[in-house]
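A.B. asks: Here's a structure for you.
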Amino acid sequence: MSKIFKDPSKIKLPRSKFEEAEFGRSKKGVTICKECDSYHHKKAWRHDKVAFLGKRENRDLAFERALCPACQMIKDKLYAGRITILNSPKDLRDELMNLTENFCKRAWQKDPLDRLISVKKDREDLVITTTENQLAQRLAKKIKDAFNKVKLKIDHHKEPSDVTTIVLTFL
């Protein structure tokens with residue numbers, strides 16, 4: 001018994017989930033952020049626009065200036081990840097701040113959209129906001145691993161929001 005197969009070129013497959021990603025379809029050419037100078041080309045934001053535009057094959061590309069999604073979020077006072085650290089010991093606050101800043105700096109070096117927005121201090125609490133919810137989750141897990149006796153609670157908001165709220169409590 002032989003099976004009859006359709007011509008693969010005539011089969012219409014659904015689009016990839018990742019094709020239009022989080023920020024919609026990409027535009028032709030290059031978009032350069034007005035604030036941070038990162039650039040968007042071929043569906044990704046990258047660093048080092050000077051080296052990219054200095055290459056011979058890229059000199060004739062059309063480019064426009066706009067805000068990258070991370071700078072737009074900061075301008076609009078939005079966040080995608082929020083970590084609240086409760087009952088943080090005063091003697092560990094400097095270590096917490098250094099860990100947070102260094103972790104977010106390394107994340108930004110890998111991806112220009114991963115940013116630390118702010119760290120607000122209260123008497124005993126810290127509130128950390130980030131532009132990416134995955135960055136907030138990784139940072140919270142790193143803090144939990146670095147310090148003993150920390151309880152972690154992650155809350156993902158319902159659709160259409162992609163905000164993640166995390167509470168770390170020092171015991």
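The values are calculated or read from the model by the stated rules, or taken from the named source; none is laboratory data. Computed from a prediction, not measured in an experiment: that's the story for all the values here. Note that we place each Cβ from the backbone using ideal geometry, even for glycine, and neighbour counts take in every protein chain shown.
A.B. asks: Quick one: in segment 72-97, of everything that is within 18 Å of Ala136 (Cβ to Cβ) and of a type in the set (D, E, K, R), which residue is surrounded by the most Cβ atoms within 10 Å (Cβ to Cβ)?
C.D. replies: Once the filter is applied, the top-ranked residue is Arg82.
A.B. asks: Search segment 127-150 for residues being farther than 17 Å from Tyr79 by Cβ and either of a type in the set (Lys, Arg) or in a helix (DSSP H, G or I) (or both), and hand back the single one that is modelled with the lowest pLDDT.
C.D. replies: Lys149
A.B. asks: Report whether or not Val50 is exposed (fewer than 14 other Cβ atoms within 10 Å of the Cβ), among the β-branched types (Val, Ile, Thr) and modelled with pLDDT under 90.
C.D. replies: yes
A.B. asks: Name, by its number, the condition in (1) part of a strand (DSSP E or B); (2) of a type in the set (Asp, Glu); (3) out of contact with any Gly (no Cβ under 8 Å at 6 or more places or on another chain) that does not hold for Asp91.
C.D. replies: Here Asp91 meets the rest and fails (1).
A.B. asks: Give all pairs with beta carbons closer than 6 Å in which a residue from segment 135-159 that is of a type in the set (Lys, Arg) meets a residue that is surrounded by 13 or more Cβ atoms within 10 Å (Cβ to Cβ); count only pairs at least 6 apart in sequence or on separate chains.
C.D. replies: Lys142/Phe103; Lys144/Val150; Lys144/Leu152; Lys151/Thr169; Lys153/Val167
A.B. asks: One residue is enough: does segment 97-108 have a residue meeting the conditions part of a loop (DSSP other than H, G, I, E, B) and modelled with pLDDT under 95?
C.D. replies: no
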